[in-house]
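One structure is given below, encoded as structure tokens.
The values are calculated or read from the model by the stated rules, or taken from the named source; none is laboratory data. Small disclaimer: the values here were computed from a predicted structure and weren't measured. Here the Cβ is made from the backbone with ideal geometry for all residues, glycine too, and neighbour counts use every protein chain on show.
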Amino acid sequence: MADVAFNDVDKIYDNGVQAVFGLTLDIHDAEFLVLVGPSGCGKTTALRMVAGLEEISGGTVSIGGRVVNDVSPKERDIAMVFQNYALYPHLSVGENIAFGLRLRKEPKEMINERVAWAAKLLDLAPYLNRKPKELSGGQRQRVAMGRAIVRKPQVFLMDEPLSNLDAKLRVQMRADIAHLQRELQTTTVYVTHDQVEAMTMGDRVAVMANGVLQQVDAPQRLYDRPANLFVAGFIGTPPMNLLEATATVNGEVSVNLGGNVLPIAPEAIQQYPRLREYGGRPVIVGLRAGDLHPAQGRDDLPQIHATVEIVESLGGESMAYFRVDARYIKSEAAEEEAVLASEGTPETVVGSRPNLVASFPPHVHLRLRDKVPIAVDTKNLHFFDEASGAPLR
């Protein structure tokens, strides 16, 4: 087991495209670190540089304190789990798990012992004589995990290992992988574009966009204290509502959000004290869906008025989509496209589509096209500079 360190790492391809810019990141021994971001953000490239599958254009990558820039993949003592399992179809489950050990010419007795240990750990013992085609997707992924753990490497590298599984199986496999990593205490770097996987599995999460590391922190701190607009719009399900407003500072602080004036609670001002410097200026307001409530019975909270556009009943809650007369920031998580240049400048959009989503109790009745009041818990609001995307802390 070992730590992994990126020190000012660049990756520039032969065609001049730069995929990673100055990545500096320390991954601690026995830590489960998740690299998350949209497609093309550089996360898989970073992982492949650790594995030795991509050459490093600048900087250094270290494993266990040893710089591995010029070390071949097989000498790095890492094990990689791929998205497509990469199993040998003509070999049995047991033979697939043992494959790496056989290549290293380990003693047969030790190989059998390790395979039996991995099969028991992964609930694969009944399937050791089956071929991969006889297994479900989840079982195949466990075989791929078994082939990795049986070698007892210093570092596990996992490249979107759950993306080929259905939603229910992904939930189970998330728990299985997290439990396995805690039991083995092996340093793990896990790449995904799914921020739900990142938030539920990682000890820490590193968010990337356009080849640049945006923020690395514990999952809850990413959610509570995003470092910029990209992280705010990417982390969270549903994504944070990001709307343009105008600040007013006249003793008290308030924002005008599409014609709705919201007095800001002192708790939010304490978290974002620079908001006081933005009197008369535009700011980006971040509102989480869980901080928006049906107005009935919430006279303690200020209100905004918005038009009901869509209501999705999820059984235990309803996701209600509204439209307010304010510019909104397209988030990567919501839009499936790049929204933030590497400098952090947001793209704003005005339109007639929904731009505000709230999580309401399931019994709340909403009629489409009605304009309704929504209570806003302003103590949990977030505020960002419109030009730079930086938080007003």
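Filtering the stretch 85-121 to residues that are of a type in the set (Gly, Ala, Ser), under 23 Å from LYS74 (Cα atoms) and surrounded by 20 or more Cβ atoms within 10 Å (Cβ to Cβ) leaves GLY94, ALA98, ALA118.
Checking each residue of the stretch 208-217 against the condition of being free of Cβ contacts under 8 Å to residues at least 40 places away in the same chain and farther than 15 Å from ALA390 by Cα gives at least one match.
On the stretch given as the stretch 122-155, residues that are over 20 Å from ARG170 (Cα atoms) and surrounded by fewer than 23 Cβ atoms within 10 Å (Cβ to Cβ) total 11. Exactly one residue among ARG151, ARG147, ARG142 is outside any strand (DSSP E or B), within 27 Å of MET110 (Cβ to Cβ), at pLDDT below 90 and among the charged types (D, E, K, R), and that residue is ARG151. In a loop (DSSP other than H, G, I, E, B), among the hydrophobic types (A, V, I, L, M, F, W, C) and touching a strand residue (DSSP E or B) at 6+ places or on another chain (Cβ under 9 Å): is that true of ALA19 in this structure? For ALA19, the condition - in a loop (DSSP other than H, G, I, E, B), among the hydrophobic types (A, V, I, L, M, F, W, C) and touching a strand residue (DSSP E or B) at 6+ places or on another chain (Cβ under 9 Å) - is not met. PHE82 fulfils the conditions (1) modelled with pLDDT under 95; (2) over 22 Å from LYS131 (Cβ atoms); (3) surrounded by 14 or more Cβ atoms within 10 Å (Cβ to Cβ) except for a single criterion, (2). For the stretch 124-132, the count of residues that are under 27 Å from the mean Cα position of the chain (by Cα) and hydroxyl-bearing (Ser, Thr, Tyr) is zero. ARG174 meets all of the listed conditions (1) surrounded by fewer than 18 Cβ atoms within 10 Å (Cβ to Cβ); (2) without any contact (Cβ under 8 Å) to a residue 40 or more places away in the chain; (3) closer than 30 Å to ALA46 by Cα but one, namely (1). Does PRO239 satisfy being at pLDDT 95 or above and either in contact with a Pro (Cβ under 9 Å, 6 or more places away or on another chain) or surrounded by fewer than 24 Cβ atoms within 10 Å (Cβ to Cβ) (or both)? For PRO239, the condition - at pLDDT 95 or above and either in contact with a Pro (Cβ under 9 Å, 6 or more places away or on another chain) or surrounded by fewer than 24 Cβ atoms within 10 Å (Cβ to Cβ) (or both) - is not met. In the stretch 157-165 there is no residue matching the filter, namely being under 18 Å from LYS43 (Cβ atoms), part of a strand (DSSP E or B) and within 12 Å of the chain's Cα centre (by Cα). Mind listing whichever residues of the stretch 254-271 are under 33 Å from the mean Cα position of the chain (by Cα), in a loop (DSSP other than H, G, I, E, B) and either aromatic (Phe, Trp, Tyr) or over 19 Å from ASP299 (Cα atoms) (or both)? Within the stretch 254-271, just GLY258 meets the criteria. Note on the stretch 166-253: enclosed helices (runs of 4 or more DSSP H) holding 3 or more residues that are over 15 Å from the mean Cα position of the chain (by Cα) and under 30 Å from VAL311 (Cβ atoms) are 167-184. Among residues that are surrounded by 22 or more Cβ atoms within 10 Å (Cβ to Cβ) and of a type in the set (Asp, Glu), GLU183 is not included. Looking only at residues in the stretch 332-356 that are within 20 Å of the chain's Cα centre (by Cα) and part of a strand (DSSP E or B), the one that is modelled with the lowest pLDDT is LEU340. Mind checking which residues of the stretch 289-331 are within 30 Å of VAL207 (Cα to Cα), charged (D, E, K, R) and outside any loop (DSSP other than H, G, I, E, B)? Within the stretch 289-331, ASP291, GLU312, ARG323 meet the criteria. Here PHE32, PHE21 are screened, and the one residue that is touching an Asp or Glu at 6+ places or on another chain (Cβ under 8 Å) and over 20 Å from VAL212 (Cα atoms) is PHE32. From the residues in the stretch 361-393 that are part of a loop (DSSP other than H, G, I, E, B) and hydrophobic (A, V, I, L, M, F, W, C), which one is surrounded by the most Cβ atoms within 10 Å (Cβ to Cβ)? The extreme case among them is LEU381.
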